[in-house]
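Here the structure comes first, spelled out in structure tokens, and everything after it is commentary.
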Amino acid sequence: MNNADAEGVRLQKVLSQAGIASRRAAEDLISRGKVKVNGEPARLGQRVDPAKDVIHVSGKRVVTDVDKVYYAINKPRGIVSTMDDDEGRPSLAEFAKGIDQRVFHVGRLDTDSEGLLLLTNDGELANRIMHPSHGLPKVYRAQVNGIMDKPTWNRLLKGVELEDGIAKADKLKIIDEHAGQSLIEITIHEGRKHIVRRLMDEVGHHVSRLVRTEIGPVQLRNLKPGTLRRLTPNEVGELFREVGL
């Protein structure tokens, strides 16, 4: 055993503690060549530093640093997307009181918008998610005035000229149409300020309610407004893969 192997924690124990597999199942994954440590095939009995070594299982990054935390929060309407508001308005900090680590929010939702935000203390992942080059898709449900016709639909998909450049929807879906209003699902990959509201205003369909339901592989699901949940190891791994980590 070399000095590197004499230190650290056994890899199968680290994988077990990360919720990937039992120790026995982790040994099987290692034996079948499904595990890599710092880009190299792992060995049975190998010891690693959970805070420093980069571990992938079946091509997906595994978070082994126990100090890193990842949460999804359902931001209610009227809450400012900040952890500390200078004007004393209700902020995200009110819903993160139960988290031991100091976390920050990834991205923003305007005060009148609701839905999914991510909270973490992992600066590297947060920066990747917010960087335009990665184009992480975000899905919204928007209640809009009017019934959308085909030309407007096509215009949103092809691109609409805004004051700061062209914006477009990646996907559109009609959920419901009733009493002169439409409930639509819109997928967009960029993060310019108020982008969905501005896009819909430009085509004549004012947004009266906006809820973000997905950020990349993470979904809001049935998370109640004002509550949060820890992301699963699979969700975190998918986020890492989406942004190239």
### Summary
A chain fully extended from Glu161 to Thr232 at 0.36 nm per residue, minus the present Cα-Cα distance, gains in nm 21.7 nm
### In nm, spacing of pseudo-spin labels at Ile147 and Arg221 (7 Å Cα→C-beta vector)
3.7
### Task
First compute the accessible area of the range 9-62 with a 1.4 Å probe, then give the percent of it belonging to carbon and sulfur atoms.
44
### FRET efficiency for Ile99 and His134, using Cβ-Cβ distance with R0 set to 25 Å, rounded to 0.05
0.50
### Message
Connecting C-alpha atoms closer than 10 Å in a GNM of the chain, tell me which of Lys171, Lys138, Lys60 has the biggest fluctuation.
### Response
Lys171
### Task
For the range 85-104 and the range 214-232, write down the distance between their C-alpha centroids in whole Å.
17
## Note on the structure
Of the listed links Lys13/Lys138; Lys36/Lys168; Lys60/Lys138; Lys75/Lys168, those spanning more than 29 angstrom between alpha carbons are Lys13/Lys138; Lys36/Lys168
### Task
Quickly estimate the mean residue ellipticity at 222 nm for the chain, helices only: each DSSP H run with n ≥ 4 gives -39500 (n - 2.57), and the total goes over all residues, rounded to 500.
-6000 deg cm²/dmol
### Message
Please report the carbon-and-sulfur percent of the accessible area for the range 183-236; probe 1.4 Å, protein heavy atoms only, DNA, RNA and ligands left out.
### Response
50
### Summary
Mean shadow area (nm²) of the C-alpha convex hull around the chain is 16.1
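The values are calculated or read from the model by the stated rules, or taken from the named source; none is laboratory data. Please read all numbers here as calculations on a predicted model, not as lab measurements. When we count neighbours, we look across all protein chains shown, and the Cβ atoms used for this are built from the backbone with ideal geometry, even at glycine. Areas reflect the complete protein model, heavy atoms only, side chains present, ligands, DNA and RNA absent. Shrake-Rupley method; radii C 1.70, N 1.55, O 1.52, S 1.80 Å.
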